[in-house]
Amino acid sequence: MSVLYRKYRPKAWKDVVGQESIVSVLSNEVKLGTMAHAYLFAGSRGTGKTSVARIFASELGTSASDIYEIDAASQNGVDEIRALNEAVHTLPFESKYKVYILDEAHMLSKGAWNAFLKTLEEPPAHVIFILATTELEKVPDTVQSRCQAFVFKRPNQKILREFALHISKEEGRKLDPESAELVSLLGDGSFRDTAGILDKIFSSSQEKQVSREEVERVTGAPRAGLVRDVLASIVEHDLKRGMQALAMARESNADMKIFARLILENLRYLFLIRLKAGLDDYILGETSEDDFNFMKDLAGKADKSLTADILLKFIDAAEASGRSTIPELPLEIALSESINP
């Protein structure tokens with residue numbers, strides 16, 4: 001796990017960002033003493049599920065010796081669950097509650113789930129279970145129905161940008177606006193991944209000021225101008241400009257999977273702006289003001305050929321670029337078919 005993420009992960013309710021409704025419900029339950037016996041925290045990686053579980057346990061007055069974290073990815077068999085079923089009956093060492101946090105709960109085997117159901121439904125009064133999962137659909141319905149469930153939202157780029165800027169300031173570094181924007185985009189909806197990117201950047205240079213160029217160098221992200229060139233080539237039907245941008249990205253050893261994702265992300269925003277769907281405030285929260293103004297101007301030039309079909313082509317390209325023998329080939333095909341259908 002990222003060193004910076006461990007250092008800056010939330011330690012109290014006030015530190016939790018982007019999950020206000022969940023914090024409100026859980027904190028009120030603690031105040032009123034109306035806790036459930038089992039909780040299910042679902043959401044993508046790095047959204048704060050385990051951190052919130054630890055804070056919840058702490059707010060209940062549970063000491064570290066009475067909080068048990070179990071990695072269900074490695075302890076997922078019937079024997080491990082049978083041992084857990086026996087252990088829950090022993091009283092806490094020094095707290096009112098024993099709290100069991102099962103991370104990656106969806107990885108329990110079918111037999112383990114069956115062995116766990118009775119205990120999950122009727123645990124001893126001093127036991128609270130918190131199951132955390134990134135794949136809710138793999139958790140049996142019989143388990144979900146026995147838990148109070150919360151779905152953790154992915155933080156948007158604005159939240160991740162503020163998170164990155166906060167860490168940078170605390171670490172005595174300064175991200176310029178464009179570098180903060182790129183870090184938040186590459187964080188891909190994860191506080192942990194965002195902190196991990198900052199780990200790499202800060203480890204590679206002692207410079208206090210972190211430029212976008214430095215972020216691009218460390219992460220393999222392509223230059224911003226190349227992404228814009230591809231978008232402009234689609235709108236202006238200029239295949240040569242787009243192909244040159246792809247070639248320049250390849251020659252600079254840019255990570256083509258990241259390049260594909262950046263193109264797709266911005267192409268989506270461009271499409272939404274052109275539709276005049278009233279989502280400008282949302283898009284401004286996800287992009288820099290400079291990028292938004294560029295796309296706003298470009299959307300004004302777009303004709304009806306900028307369709308959802310083009311988005312689908314680049315979705316396929318983004319998925320294929322990570323596994324193609326020639327990483328840029330899926331993008332070249334998508335670009336060619338978008339301009340010359």
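The values are calculated or read from the model by the stated rules, or taken from the named source; none is laboratory data. Since the model is a prediction, treat every value here as computed from it, not as a measurement. Methodologically, a virtual Cβ is constructed for each residue, glycine included, from the backbone with ideal geometry; neighbour enumeration extends over all protein chains shown.
Among the residues of segment 297-323, the ones that are without any contact (Cβ under 8 Å) to a residue 12 or more places away in the chain and polar (S, T, N, Q) come to 1 in all.
Being over 22 Å from SER324 (Cβ atoms) and at pLDDT 90 or above: is that true of ARG228 here? Spelling it out, ARG228 is indeed over 22 Å from SER324 (Cβ atoms) and at pLDDT 90 or above. The single condition from (1) of a type outside the set (Lys, Arg); (2) touching a residue at least 24 places away in the same chain (Cβ under 8 Å); (3) surrounded by 20 or more Cβ atoms within 10 Å (Cβ to Cβ) that PHE294 fails is (3).
Here is the figure for segment 301-321: residues that are outside any loop (DSSP other than H, G, I, E, B), over 13 Å from ASN266 (Cβ atoms) and small (Gly, Ala, Ser) total 4.
For segment 37-54, the criterion of being touching a Ser or Thr at 6+ places or on another chain (Cβ under 9 Å), of a type in the set (A, V, I, L, M) and buried (at least 19 other Cβ atoms within 10 Å of the Cβ) is met by at least one residue. Within segment 161-174, residues that are surrounded by 14 or more Cβ atoms within 10 Å (Cβ to Cβ) reach partners that are charged (D, E, K, R) with beta carbons closer than 8 Å, at six or more positions or on different chains, in the pairs ARG161/GLU181; SER168/LYS174; ARG173/LYS208; LYS174/LYS208.
Of all residues in segment 187-218, those that are more than 24 Å from ARG154 (Cα to Cα) and buried (at least 21 other Cβ atoms within 10 Å of the Cβ) total 1. Being within 25 Å of the chain's Cα centre (by Cα), among the small types (Gly, Ala, Ser) and under 30 Å from SER65 (Cβ atoms) is the requirement here; does ALA149 meet it? Answer is yes for this residue. If you go through segment 157-177 one residue at a time, how many are acidic (Asp, Glu) and outside any helix (DSSP H, G or I)? Residues flagged as acidic (Asp, Glu) and outside any helix (DSSP H, G or I) within segment 157-177 amount to 2. Give VAL3, VAL99 a once-over and let me know the one that is β-branched (Val, Ile, Thr) and closer than 22 Å to GLN148 by Cα. Result: VAL99 is the single residue among VAL3, VAL99 that is β-branched (Val, Ile, Thr) and closer than 22 Å to GLN148 by Cα. Within segment 121-131, identify whether any single residue is touching a residue at least 24 places away in the same chain (Cβ under 8 Å) and over 24 Å from TYR68 (Cα atoms), and answer yes or no. No, segment 121-131 has no match at all. Taken over segment 325-335, residues that are free of Cβ contacts under 8 Å to residues at least 60 places away in the same chain and surrounded by 15 or more Cβ atoms within 10 Å (Cβ to Cβ) amount to 3.
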